[in-house]
Amino acid sequence: MYQWSFVSSVAVALAMLAGCGETRPATPAIPPPATVNGKATLSDDEWRARLTPLAYAVLREKQTELAFTGRYDKHYEPGVYRCAGCNNVLFSSKHKFDSRTGWPSFTEPAASESIYTHSTDREAVLCARCDGHLGHVFPDGPPPGGLRYCINSAALRFEAAN
Ligand SMILES: [Zn+2]
């Protein structure tokens, strides 16, 4: 018992050290939800149980994380960004750029079928598999496409390239 709690304490200390410089803890990896016709169909209670409070607020309640607070704002490692709700591959580091807006920004999705957009007052970006709210797309991105997908870090989970 004593040994186990010591090992746990060391693990926690190492995790804290490894987390230095990160403003928020990583979104935990979760198994993808079951899908029907390619769509994740979970109840509100199931989403609440799966997601961190912040990820729930963004993905299910369409809220926006504070600028410059997200884990992936200044993150440029090679890899892919998956949906924090359903594991769908949404964006690639190849299309990430520094927009200096305080949110992770991409010029295009990893694949056109990964996401869809919905126009209200702004053009919202949603995950095609779970309908999770990811952020918005604006027409002020760099050439040639001219688009800026402004995405909440809390809606994403990064997976490094091998
Ligand atoms: Zn999703």
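The numbers here are math on the coordinates, done by the rules we state, and not lab data. The structure displayed is predicted, hence computed values, not measured ones. Glycine gets a Cβ as well: all are built from the backbone with ideal geometry, and neighbour counts include every protein chain shown.
Structure data summary
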{"read-out": "For Cys86, net neighbour charge (Lys/Arg +1, Asp/Glu -1) across residues whose Cβ lies under 13 Å away", "value": "+4"}
{"read-out": "Taking Tyr116, Tyr76, Tyr56, Tyr149 and counting other C-beta atoms within 10 Å, the order from fewest to most", "value": "Tyr76, Tyr116, Tyr56, Tyr149"}
{"read-out": "Contact order normalised by residue count of region 116-160, Cα under 8 Å, 6+ apart, percent", "value": "25 percent"}
{"read-out": "Label-to-label distance, nm, for residues given as Phe97 and Tyr116 (7 Å Cα→Cβ offset)", "value": "2.8 nm"}
{"read-out": "Anchor Lys74: lysines whose Cα lies under 19 Å away (excluding residues fewer than 8 positions away in-chain)", "value": "Lys94, Lys96"}
{"read-out": "Straight-distance crosslink candidates among lysines, where the alpha carbon sits under 23 Å from Lys39 and sequence neighbours closer than 8 are dropped", "value": "Lys62"}
{"read-out": "Cβ-based net charge around Asp131, under 12 Å, with every Lys or Arg adding one and every Asp or Glu removing one", "value": "+4"}
{"read-out": "Region 115-162, Rg to Rh (Cα coordinates; Rh as Kirkwood inverse mean 1/r)", "value": "1.02"}
